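Below is one structure, written out as structure tokens, with a few remarks after it.
The values are calculated or read from the model by the stated rules, or taken from the named source; none is laboratory data. What you see is a predicted model, and the numbers here were worked out from it, not measured in a lab. Cβ sites come from the backbone with ideal geometry, for glycine too, and all protein chains shown count toward neighbours. To get the accessible areas, we keep the full protein, side chains included, count just its heavy atoms, and leave off ligands, DNA and RNA. Shrake-Rupley method; radii C 1.70, N 1.55, O 1.52, S 1.80 Å.
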Amino acid sequence: MKFLIKDLSRLTGLSPARIRKWQERFQILAPVQGENGYHYYDNDDLRILLSLQERLAAGQRLKSIISLSREELLSSQVLFRDEEWSLLNAISRSEFRTLEGHFNNALESYSLPQWIRKSVHPAVMLTGEAWSKGILSVADEHAFSHWLRGYILSRVEWLQSNQTPLWLVTSFPGDEHELGALLHYARLLYYRVPVRFCGMLPEEHLIKELQKEQYRSVSVSVVIPRKREEIERLRNRIKEETGVRHVHFGGYGYKRTLSLKD
């Protein structure tokens, strides 16, 4: 993967001026000048900048960090593969045509459930990890999530039917991360389940919706880990106040909750 200095700046949060200054003073990067006169940086250059940032954040002095070789700086940062950096670069630049081409190509090779498991879900997890490391901003993550939501709906609309929905897919009340619920909804559509996706609803509105007679099942996506008591309280309330008897919880947050010791 080749990066311009503006790409390095976007992915690291460092200003182009600082990157140039470090390169001029310490020769830590190895850009290659193209025929157009621009300097191009590679994945190793990006990893070195991220390694340098991590060491500075840990309290190391810049002078001691710069004394390390490129190999030592690289060995401390094993982040993403080249194809993942390519995807992150497109996300950071909101290159939605590039992203659409990426997912369309994958969809041609897989069934819908395989596509979700092997292409879309890894991209969502990659975005979250890049955000947690400060490589993507909140704005980058939100822009991608909003685009991906619309894109997925456009890819599954042909599966929608006029049947009365018997299954509701939602997110845990107060948890605005809806992509996990949306991916589950897409899988159910693929298997011809009469299902409705409503995103996140406040608890009172969720209960009111489930009190409609047709619903038999509800899936609740949990991205932000919750206390077990919160999950069980919602499960019991749904069963006590609605006609729904099959209440399913899933998602990263739910798995995380189950893994925590009481």
Probe 1.4 Å, protein heavy atoms only - accessible area per residue of the stretch 115-262 in square angstrom = 55
Formal net charge of residues neighbouring R61 (Cβ-Cβ distance under 15 Å; K, R +1; D, E -1) = +2
Ordered by residue, what ³J(HN,Hα) values in Hz, to whole numbers, does the stretch 175-189 give under the Karplus form 6.51 cos²θ - 1.76 cosθ + 1.60, where θ = phi - 60° and Gly and Pro are x?
-> 9, 7, 7, 9, 5, x, 5, 5, 5, 5, 4, 4, 4, 5, 4
Specify the angular offset, from 0 to 90 degrees and rounded to the nearest 10, of the alpha carbon long axis of helix 228-241 from the longest principal axis of the alpha carbons in the chain.
-> 30
Could you tell me what fraction of 2.2 N^0.38 Å the Cα radius of gyration of the stretch 159-216 comes to, as a two-decimal ratio?
-> 1.10
Toy charge model, Lys and Arg Cβ at +1, Asp and Glu Cβ at -1: the stretch 1-104 dipole around Cα centroid in debye, rounded to 20, equals 580
Cα point-scatterer Debye curve for the stretch 39-86, base-10 log of I(q)/I(0) at q = 0.15, 0.17, 0.23 Å⁻¹ | -0.39, -0.50, -0.82
Note, P16: beta-carbon cut-off 11 Å, +1 each Lys/Arg, -1 each Asp/Glu, net +4
Here P(r) for the chain, Cα-Cα distances in 10 Å bins, as whole percents, is 6, 25, 26, 20, 13, 7, 2, 0
Please turn the phi angles of the stretch 101-112 into ³J(HN,Hα) values with the Karplus equation 6.51 cos²θ - 1.76 cosθ + 1.60 (θ = phi - 60°), one per residue in order, whole Hz, x for glycine and proline.
-> x, 4, 6, 5, 4, 5, 5, 5, 9, 10, 6, 4
Sort largest first and round to whole Å: the equivalent ellipsoid semi-axes of the stretch 28-168, each the square root of five times a Cα gyration tensor eigenvalue.
-> 38, 18, 13
From the Cα centre of the stretch 208-262 to that of the stretch 112-152, the distance in Å is 24
Given a cut-off of under 8 Å on Cα pairs at least six residues apart, what relative contact order in percent is computed for the chain?
-> 13
Take the eigenvalues of the Cα gyration tensor for the stretch 72-147, scale each by 5, and report the square roots as semi-axes in whole Å, largest first.
-> 22, 16, 11
Hey, what's the per residue convex hull volume over the C-alpha atoms of the stretch 117-262, in cubic angstrom?
-> 117
Surpassing 32 Å at the alpha-carbon level, of the pairs K133/K227; K2/K118; K6/K227; K63/K255; K63/K133; K6/K118, are K6/K227; K63/K255
Burial-style ranking of 162-170, 84-92, 208-216, average other-beta-carbon count within 10 Å with highest first, yields 84-92, 162-170, 208-216
Near the amide H of R196, under 5 Å away, which other amide H atoms are found, from residues 5 or more places off or on another chain, if H is placed in the peptide plane?
-> W167, L168, V169
